[in-house]
Amino acid sequence: MLLTGASGLVGRALATRWRALGGEVVELAHKPRPDALTWHPESGQLPAKALEGVEVVVHLAGETIGQRWSSSSKKRIHDSRVLSTRLLAEHIAALPAAQRPKVFLSASAIGYYGFKRAEVVDENAAPGTGFLMDVCCAWEAATTPAVNAGVRTAFARFGVVLARQGGAIEQLLKVFNAGMAGPAGSGSQRMSWISLVDVVEALIFIIHHETLHGPVNMVSPHTCTNRELTELMAKLLNKSAKTPAPAFALKLMFGEMATETILSDLAVKPLRLQEAGFVWKQETLEAALRHELLA
């Protein structure tokens, strides 16, 4: 496996699991490391040997969304995804047919569907509106050279990943520990989430299932509300969650990012995974939170 974003939350967990299953992982990193190949997507630099003998390419790298969005940060968020994906796709397509990877799995996000939809959406839904939608559309389109070259290509549209270290839970724990936890905004907004364990298992499932290509929603079948998440965390941690964060305060603090992420209201269905027979290990919110908070 050739893997980008191996230092991130999902990348670390995927690399660990893949190696435990007996697979090899070649990492691409922006900063030189003795155990990784160095690449510079912004200037079109990819080591010539990066794709040698590689059957699986998993691309998870990208500038963090979790920051206040300025013009410059928006450009970094967009370019870090689109330029890197296009670079990989073009190099994959340039290989002789017999030497191309069997699968190219590129990250995307449920931001493709926008940030406020009344209806439940699945992979057949049209794109929504907003900055993240624009990024996701360009991100997925950047895989086109690999698709046109006949390489099975899938876009893993991630929902909110629940993990104690590096995920949404880590941020919420800081708020709980400060005694300031409570619903964000009204708390009624729907969250489409997935546990870190199931993210990794779903990525491996996609790699091994030849029928899966195009968009694949990486979420649990069971959405929750923001209020349900905070109240269940409070119950499991035996802490209070009665200090709501008003929507106007979140928007003042985080700007547009708050509207499209923290206050986003999306119910996303993982139709492709369900149809392919994927079985979630932590399908319910309580199972995921108990694993992350109490295991």
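The values are calculated or read from the model by the stated rules, or taken from the named source; none is laboratory data. It should be emphasised that the depicted structure is a prediction, and the values quoted were computed from it without experimental measurement. Cβ placement follows ideal geometry from the backbone for every residue including glycine, while neighbour counts extend to all protein chains displayed. Accessible surface is based on the protein model in full, side chains and every heavy atom, while ligands, DNA and RNA are left aside. Shrake-Rupley method; radii C 1.70, N 1.55, O 1.52, S 1.80 Å.
Values computed for the structure shown
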| item | result |
| --- | --- |
| Dimensionless Rg ratio for region 82-231, taking C-alpha atoms and the 2.2 N^0.38 Å reference | 1.18 |
| Label point 7 Å beyond Cα of Arg164 along Cβ direction - residues of region 1-45 with amide nitrogen under 16 Å | 13 |
| Fraction of alpha-carbon pairs over 31 Å apart in the chain - percent | 27 percent |
| Inter-site label distance for Thr211 and Thr129 at 7 Å from Cα along Cβ, in nm | 3.7 nm |
| Calculated [θ] (222 nm, deg cm²/dmol) that DSSP helices of n ≥ 4 give over the chain, each run adding -39,500 (n - 2.57) | -11500 deg cm²/dmol |
| Accessible surface of region 208-295 [probe 1.4 Å, protein heavy atoms]: carbon and sulfur percent | 55 percent |
| Computed accessible area, Arg117, all protein chains, 1.4 angstrom probe, square angstrom | 40 Å² |
| Global form of region 1-93, assessed from the alpha-carbon gyration tensor, a/c cut-off 1.5 | oblate |
| Beta bridges per DSSP with both ends in region 10-154, % antiparallel, nearest 5 | 10 percent |
| Computed FRET value (nearest 0.05) for Ala138 with Leu293, which takes r as the C-beta separation and R₀ as 41 Å | 0.65 |
| Trypsin sites (Lys or Arg not before Pro) within region 220-260: DSSP coil, no more than 16 neighbouring Cβ in 10 Å | Lys239, Lys242 |
| Within-10-Å neighbourhood charge of Leu212 [Cβ basis; K, R +1; D, E -1] | 0 |
| Neighbourhood charge, 13 Å Cβ-Cβ cut-off, centred on Glu170 and excluding it, Lys, Arg +1 and Asp, Glu -1 | +1 |
| Summed residue charge, Cβ within 10 Å of Arg157's Cβ, Lys/Arg positive, Asp/Glu negative | -1 |
| Principal-axis tilt of helix 196-208 within the chain, Cα atoms, nearest 10 degrees | 30 degrees |
| Mean-position separation - Cα centroids, region 232-247 and region 127-197, in angstrom | 22 Å |
| Among beta bridges that DSSP assigns inside the chain, antiparallel share in %, nearest 5 | 10 percent |
| Cα gyration tensor of region 15-163 - equivalent ellipsoid semi-axes, whole Å, descending | 27, 18, 16 |
| With all protein chains modelled, accessible area of His209 [1.4 Å, Å²] | 60 Å² |
| Accessible area (Å², 1.4 Å probe, nearest 10) - Asp198 | 0 Å² |
| For region 180-295, alpha-carbon Rg over 2.2 N^0.38 Å | 1.19 |
